[in-house]
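Here is the structure we will look at, set down as structure tokens.
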Amino acid sequence: MTMSQSTLKTESLTPAAVSNVSDWDILQRATQQLNKILIAERLCARISLANESTFVGEPTVFNSSPVEFAFTSRRTFVRLFRRMRLIDFAMGYFNGDFVVRGPISKAIDILDAMNGSTDQKETITEFCWRLLVRSLKVLVPQYAKKFESLDHYSQSADAYESFLGDHMQYTCGRFEQGHEDITIDEAQVAKFRFIESLATKYIGSLAGKDHLDIGCGWGGMDAFFQKEFGTRTLGNTNCKEQMEYAKRRYGVEIFLGDYSKLRHAGRRFDLITIVGMIEHLTPYRRSKLLNIVGGVLRPGGVVYLQCICKPQTWIGGDAYRVVKRQIFPGHFLETPEQTEVRLKKSGFTILESFDHHRDYGITTSRWVDNVQANEEELIRILKDPRRYRMYLGYLAYASKLFYEGHGCLMRYVFTKS
């Protein structure tokens, strides 16, 4: 007997079960759960399958152009709506299995509401795999130095130039209260001057001071510090493409290789900056980094650390899986409390600390605007529409999480005890 709309259940949505059911019936049945979720959150969306479409969510907030999720493949539609999981929708979007029509921020609101109802905690398998990776980072020297996210940072610098701004900072800027309308370039300069103001409070003028920037990326901050503050700056990256770019564009000195080699650099430093780098290290590697930092820091010198931490209201599950599997493999987060305990155990005294999560939320929103404005150019450079959608999707989701306080961006200044 052919299934009708009244007998078709969401859990029975399999390719075999729906072969004789119309697109309209599948659409109506499959979106029932999402409809309830969006009504509760006072959101709305348009869901399309082939030539059929329906509105889901709170009717009172419908407008002439709600964000649309458009599917052409019945098989893909059925697969994604059976589990209603963020990880599935994220992968589907990256792979081009459906199209988002309308503001990406509204699409993120829909997916975040869905994730709040269907998210799954870390599984035993995932936990065991995480422990295995951490063990390898301790026991196997070659694996310990492996940088899983290297592919992400090794992409053409031309692509990053299109959305990061003049200073090529793939870390958040500084947006002081009441000055959130500044440009991304102005925000990055504000961050540089924020770091300088903190450092000079403890070590005086930076002119002539030795500065080490661990995880320097494409060298934009190093060039600014040398030109504006008069430092003798040494950058460190393990990405050859970044080193070549930094030398070519900015003419800065770069130490190429894993940070563990810095003990052989033959220099000591008054100021050490670690910005957006420690998140890529396991706990053992973090402690090792801090031990090396303590060894190359001059007496009385200071360290500026900027890092993403695990917030008190932790949005783990699928949001974290997307980052780990697709964006930054090897990514690891600790809470601010865990970070501070690690700093103290490593022989440091924390002088000041700040939670500036809104800075990251605003920064990523600026990047999203730039990514969308340069869509054609980015796809041409990357030679991969999938990677373009990956940048756009994860930056938009990060912006929402951090701006709403579900992400934590900490800034620390510390010195040797």
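The numbers here are math on the coordinates, done by the rules we state, and not lab data. Source: prediction; values computed, not measured. Virtual Cβ from ideal backbone geometry, glycine too; neighbours counted across all protein chains shown.
Per-peptide packing, taken as the mean over residues of other Cβ atoms within 10 Å, places 335-341, 107-113 in the sequence 107-113, 335-341 from highest down. In terms of the mean number of neighbouring beta-carbon atoms within 10 Å, the peptides 141-150, 243-252 order highest first as 243-252, 141-150.
For the chain, taking a cut-off of 4.7 Å between Cβ atoms, the unpaired cysteines are C44, C128, C172, C216, C239, C307. Candidate values (i) 22.2; (ii) 21.4; (iii) 23.2 were compared with Kirkwood radius over Cα pairs in Å computed on the shown model; the agreeing label is (iii).
Peptides 225-232, 211-218, ordered by how many other C-beta atoms sit within 10 Å of their residues on average, highest first, read 211-218, 225-232.
Please give the contour-minus-distance gain from E228 to R79: 0.36 nm per residue of separation, less the Cα-Cα distance, rounded to one decimal in nm. Don't skip to the end; give the middle numbers.
Numbers: separation 149, 0.36 × 149 = 53.64 nm, distance 5.49 nm.
Stretched fully, the E228-R79 segment lengthens by 48.2 nm.
For the chain, the membrane-span-like helix rule (DSSP H, alpha carbon extent of at least 24 Å along the helix axis, mean Kyte-Doolittle at least -1.0) picks out 184-203, 357-373, 385-403; this says nothing about an actual membrane.
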